[in-house]
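Heads up: the structure comes next, in structure tokens.
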Amino acid sequence: MSAGVHSKTDVLSWSLGAHYGWVEGESESSYGLGVQYDVARGLSANLGLNHARAGTDSAGIRPTDTRDTRAVFSLRYSF
């Protein structure tokens, strides 16, 4: 199950998304929060915070135990 929401007010946009599910009988979840600031026409500064948690053992091959939180910053220009 996944859900998300996005909103924009003047030069500031934000988004929030979440995912929860099951793979091979093990739960997985992820969450994301993003903020975008419009600097000038076509140029934006973006900040995102992402968290993922998963624990899977796919048929006994390569067990995965992920608990990861990352912050990401970017500048974007588009026209």
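Observations
- Note on segment 17-46: among residues that are open to solvent by less than 60 Å² (accessible area, probe 1.4 Å) and touching a His at 6+ places or on another chain (Cβ under 7 Å), the one that is farthest from VAL72 (Cα to Cα) is SER29.
- Scanning segment 12-23 for residues being modelled with pLDDT under 95 and farther than 19 Å from ASN50 by Cβ gives a total of 1.
- Meets criteria (open to solvent by 80 Å² or more (accessible area, probe 1.4 Å) and either in contact with a Lys or Arg (Cβ under 7 Å, 6 or more places away or on another chain) or modelled with pLDDT of 95 or more (or both)) for ARG62: no
The values are calculated or read from the model by the stated rules, or taken from the named source; none is laboratory data. Treat the numbers as computed from the prediction; the structure is a model and nothing was measured. Please note: Cβ atoms are built from the backbone with ideal geometry, for glycine as well, and neighbour counts cover all protein chains shown. The protein model used for the area step is the full one, side chains on, heavy atoms only, and it has no ligands, DNA or RNA in it. Shrake-Rupley method; radii C 1.70, N 1.55, O 1.52, S 1.80 Å.
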